[in-house]
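The values are calculated or read from the model by the stated rules, or taken from the named source; none is laboratory data. Remember, predicted model here, so these are calculated numbers, not experimental data. Heads up, the Cβs are rebuilt from the backbone with ideal geometry, glycines too, and the neighbour counts pull from every protein chain shown. Remember, those area values only see protein heavy atoms, side chains included, never the ligands or the DNA or RNA. Shrake-Rupley method; radii C 1.70, N 1.55, O 1.52, S 1.80 Å.
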Amino acid sequence: MDYFNGTTNDDFKAYFLKDLNCLDELTQYIYPNEMMEDNNVIDEHIMRCQSILGDYIINVLSENDKITVEKINELYENKNKELNLLFQPEMDFFYKKVKVKIIELG
């Protein structure tokens, strides 16, 4: 049974990459007493894109009125893990290509 209503991994990938690649420069603000970690702003951007993708996965699954909430949660977890592994090369490449502008406050 197709729980994803014809939405393929390629469809999910296009959706994710549109958000991931919408920025080519990120700004990292560092407060005077903050301990900065490398790639903090990049990690935040990727996690936000993963969250947007997660919402999309849930929406696609929710369109199928023949499955339970428990099944939706199970399918979501499995698909989310699968896609994160599948998209790892694109996320790794994003770390290399994005420019990070650092602004120290104070």
Notebook entry, point to check: Out of the residues in the range 43-64 that are hydrophobic (A, V, I, L, M, F, W, C), open to solvent by less than 70 Å² (accessible area, probe 1.4 Å) and closer than 25 Å to PRO89 by Cβ, which is nearest to the chain's Cα centre (by Cα)?
Noted result: CYS49
Next item on the list: For the range 1-8, state whether one or more residues are of a type outside the set (Phe, Trp, Tyr), surrounded by fewer than 17 Cβ atoms within 10 Å (Cβ to Cβ) and modelled with pLDDT of 95 or more.
Entry: yes
Next item on the list: Of the numbered conditions (1) farther than 30 Å from TYR29 by Cα; (2) surrounded by fewer than 14 Cβ atoms within 10 Å (Cβ to Cβ); (3) modelled with pLDDT under 95, ILE67 fails exactly one; give the number of that condition.
Entry: (2)
Note to self: Return the residues of the range 87-106 that are more than 24 Å from MET36 (Cα to Cα) and surrounded by 14 or more Cβ atoms within 10 Å (Cβ to Cβ); say none if nothing qualifies.
What the structure shows: PHE87, GLU90
Notebook entry, point to check: Within the range 30-42, is even one residue modelled with pLDDT of 95 or more and exposed (fewer than 15 other Cβ atoms within 10 Å of the Cβ)?
Noted result: no
Notebook entry, point to check: In the range 70-86, what residues are exposed (fewer than 10 other Cβ atoms within 10 Å of the Cβ) and within 13 Å of the chain's Cα centre (by Cα)?
Noted result: LEU85
Checklist line | Index of the failed condition, ILE58 passing every other in (1) touching a Phe, Trp or Tyr at 6+ places or on another chain (Cβ under 8 Å); (2) in contact (Cβ under 8 Å) with a residue 40 or more places away in the chain | finding: (2)
Note to self: Take the conditions over 23 Å from ILE103 (Cα atoms) and surrounded by fewer than 15 Cβ atoms within 10 Å (Cβ to Cβ) and apply them to LYS13. Does it pass?
What the structure shows: no
